[in-house]
Amino acid sequence: QVQLQQSGAELAKPGSSVKISCKASGYTFTSYYISWIKQTTGQGLEYIGYINTGSGGTNYNEKFKGKATLTVDKSSSTAFMQLSSLTPDDSAVYYCARGHYWGQGVMVTVSS
Amino acid sequence: DVVLTQTPVAQPVTLGDQASISCRSSQSLVHSNGNTYLEWYLQKPGQSPQLLIYKVSNRFSGVPDRFIGSGSGSDFTLKISRVEPEDLGVYYCFQATHDPWTFGGGTKLELK
């Protein structure tokens, strides 16, 4: 069965970066795009962008250009999202998704 | 960006009631290929969103027939007949017609 297993919660300092992972199983990894979504209490659900897991090509929501960087490692069927220059506004739960299949989410907390 | 406005923000219900949620888009969600990529998700506490309806009115696998999606253009509705305890949570509409893809603000279905 399709599963997306995300890495654990992160506590980061302002100005730093974090890299969260999304390990896929149960299907051919390079046949489907992986999307990333941000969820906060204030802003709700926001679409960050997606990555073509076969070619590595990306499409970002303008709002997240320069903030999020999406990559993949085909050898381990894992997608990654790096968030840089963190501020408290980046504190959120981040989900990866393959269509209607979603990971369990990763809570990122940015605090000094 | 396409703005999806959901009403009401909260819908108190009695079990067995019918519930109705509206999702209005700031522009038509008809894609140039003729499809309308409007979906409905339910997020239960502590869980990832789960797909209920895709392309306006198609129930996803395993979704009970008491969930009915309808609408066209920029005006969409999700009706839930005979609300059951497992239906409680936050409902989101989502559009994947226009880039960036966007979510509605959510409607909380809760007990009176």
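Laboratory data are not the source of any read-out in this text; all were calculated from the coordinates shown. All values reported here derive from a predicted model rather than from experimental measurement. Glycine gets a Cβ as well: all are built from the backbone with ideal geometry, and neighbour counts include every protein chain shown.
Within segment A:81-89, can one find any residue that is among the small types (Gly, Ala, Ser) and closer than 25 Å to B:Phe94 by Cα? Even if it seems obvious, please write down each step before you answer.
Residues of segment A:81-89 that are among the small types (Gly, Ala, Ser), as a first pass: A:84-85.
If we keep only those that are closer than 25 Å to B:Phe94 by Cα as well, we get none.
No.
Segment A:33-112 holds strands (runs of 3 or more DSSP E) entirely within its bounds, and those carrying 3 or more residues that are within 26 Å of B:Phe60 (Cα to Cα) map to A:34-40, A:44-51, A:92-98. Contact annotation: residue pairs with Cβ atoms under 6 Å, 6 or more positions apart or on different chains, pairing a residue in segment B:86-101 that is in contact (Cβ under 8 Å) with a residue 24 or more places away in the chain and at the interface with chain A (Cβ under 10 Å from one of its Cβ atoms) with a partner that is assigned to a loop (DSSP other than H, G, I, E, B) and charged (D, E, K, R), are B:Pro100/B:Asp1. Looking across segment A:53-93, the residues that are within 11 Å of chain B (Cβ to nearest Cβ) and not acidic (Asp, Glu) come down to A:Asn59, A:Tyr60, A:Asn61, A:Lys63, A:Phe64, A:Lys65, A:Val93. Of the residues that make up segment A:11-31, is at least one assigned to a strand (DSSP E or B) and within 14 Å of chain B (Cβ to nearest Cβ)? Taking every residue of segment A:11-31 in turn, at least one turns out to be assigned to a strand (DSSP E or B) and within 14 Å of chain B (Cβ to nearest Cβ). Is it the case that some residue within segment B:37-57 is basic (Lys, Arg) and farther than 27 Å from A:Gln43 by Cβ? No, there is no match, as no residue in segment B:37-57 is basic (Lys, Arg) and farther than 27 Å from A:Gln43 by Cβ.
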